[in-house]
1. How many angstrom lie between the Cα centre of region 298-342 and the Cα centre of region 201-247?
2. Could you work out the local net charge near Ala281, counting Lys and Arg as +1, Asp and Glu as -1, over the other residues with Cβ closer than 14 Å to its Cβ?
3. Express as a percent, rounded to the nearest 5, the fraction of DSSP beta bridges in the chain (both residues included) that run antiparallel.
4. How large is the Kirkwood hydrodynamic radius of region 22-158, in angstrom, based on all distinct alpha carbon pairs?
5. Return one quarter of the surface area of the convex hull spanned by the alpha-carbon atoms of region 93-248, equal to its mean projected area, in nm².
6. Any number yet on Rg/Rh for region 211-342, C-alpha, Kirkwood?
7. Can you tell me the convex hull volume per residue for the chain, based on C-alpha atoms, in Å³ to the nearest whole number?
8. Using only DSSP helix segments of four residues or longer, with each worth -39500 (n - 2.57), what per-residue ellipticity at 222 nm results for the chain after dividing by its residue count and rounding to 500?
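The values are calculated or read from the model by the stated rules, or taken from the named source; none is laboratory data. As the structure is a computational prediction, the values presented were derived from the model and not from experiment. Cβ coordinates were reconstructed from backbone atoms using ideal geometry, including for glycine residues, and neighbour counts include every protein chain displayed. Surface accessibility is based on the protein's heavy atoms, side chains included, excluding ligands, DNA and RNA. Shrake-Rupley method; radii C 1.70, N 1.55, O 1.52, S 1.80 Å.
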Amino acid sequence: MKATLFYEHGGPEVLAYTDFPTPEPKAGEVLVRLRAAALNRMDVMVRNGWPGLKLELPHINGADGAGEIAALGDHVTEFKIGDRVTINANLGCGKCEFCSNAQDNMCREWHLLGETVRGTYAEYVSLPAHQLYKLPADFDLHAAAAASLVYLTAWHSMVRRGALNAGETVTIVGAGGGVNSASIQVAKYVGARIIVIGSNSQKLREAESLGADILIDRSRQEDWSKAVFTATGKRGADAVVDNVGTTFPLSLRALRKGGRLLTVGNSGGPRFEIDNRYIFAKHLSVIGSTMGTLADFKEVMDLVIAGKLKPVIDRTFSLKEAAAAQERLWRGENFGKITLDI
Ligand SMILES: [Zn+2]
């Protein structure tokens, strides 16, 4: 098969479009002929590598993908060849205490497709059948690939863990990335009032088109927590979605008493100082999570298929052009998801 892979960590130049053996589906697995993959910032972090990351090289990036079933391993009865599917990249063992208790994203042997396991920048991938969601025959495969990881992550963080409710005010830090645009839509779906902090007027206009109610341009006011206070009648936001990390000090200030800071990532960097007094004196909760459960995945994909959550696609590149696609993502030039045509 054709794949875009890397033999050593490094910049975009390490990505090579080349031949690689097609995987064979094991018992319980399904071989998917991918037609679309979607990028995540994690892809670039894995390509760059970090201390302690051990991969079997060459490695294939990519957590998100959609396509049709090309072959079935033994004992797979719920799918047939030709079915169109999208992938849940959250890989649990299916046996540990967490997997047995419907908390498979906390699995003791947790893996993320494309992070420690070869992923979707390829013509084929083989996965356990329960990782797949069957799509209607006419559903766009790029939209399906673009939907999976970001909606799963946003849904688990905001609805399952963060208990975001109708009528609450949520502040979302950042307007451009895939998880942030998904977060705006999830907040809109549950009926929350949405404040978006963005870095420029174009991204804020795009956030508004997805349903953001109040737009704050952080290039004009560095301490945007004051603007959140003003916008909430000096009460503060019920919840803040902060996947930047380095903005935690402002997010803690922007929350009301008893508010929740929800985080699934750290695009601005993992280490920073916070003032602990905000956490205890304001009765704040900091709620972290990664990905979501199999049940969350089915729930969000049902909403995507029903048109309640609409994936935003920024631009589509060919599989050969994966390096240029990653560069666009890493520079933050995208609004919504970047996909690869395979
Ligand atoms: Zn497990």
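1. After rounding, the separation between the Cα centres reads 24 Å.
2. My count for the surroundings of Ala281 gives +4.
3. Antiparallel: roughly 55 percent of the beta bridges in the chain.
4. Every distinct Cα pair counted, the radius reaches 15.3 Å.
5. 11.6 nm²
6. On the Cα set of region 211-342, Rg over Rh gives 1.02.
7. Here the figure is 131 Å³ per residue.
8. -7500 deg cm²/dmol
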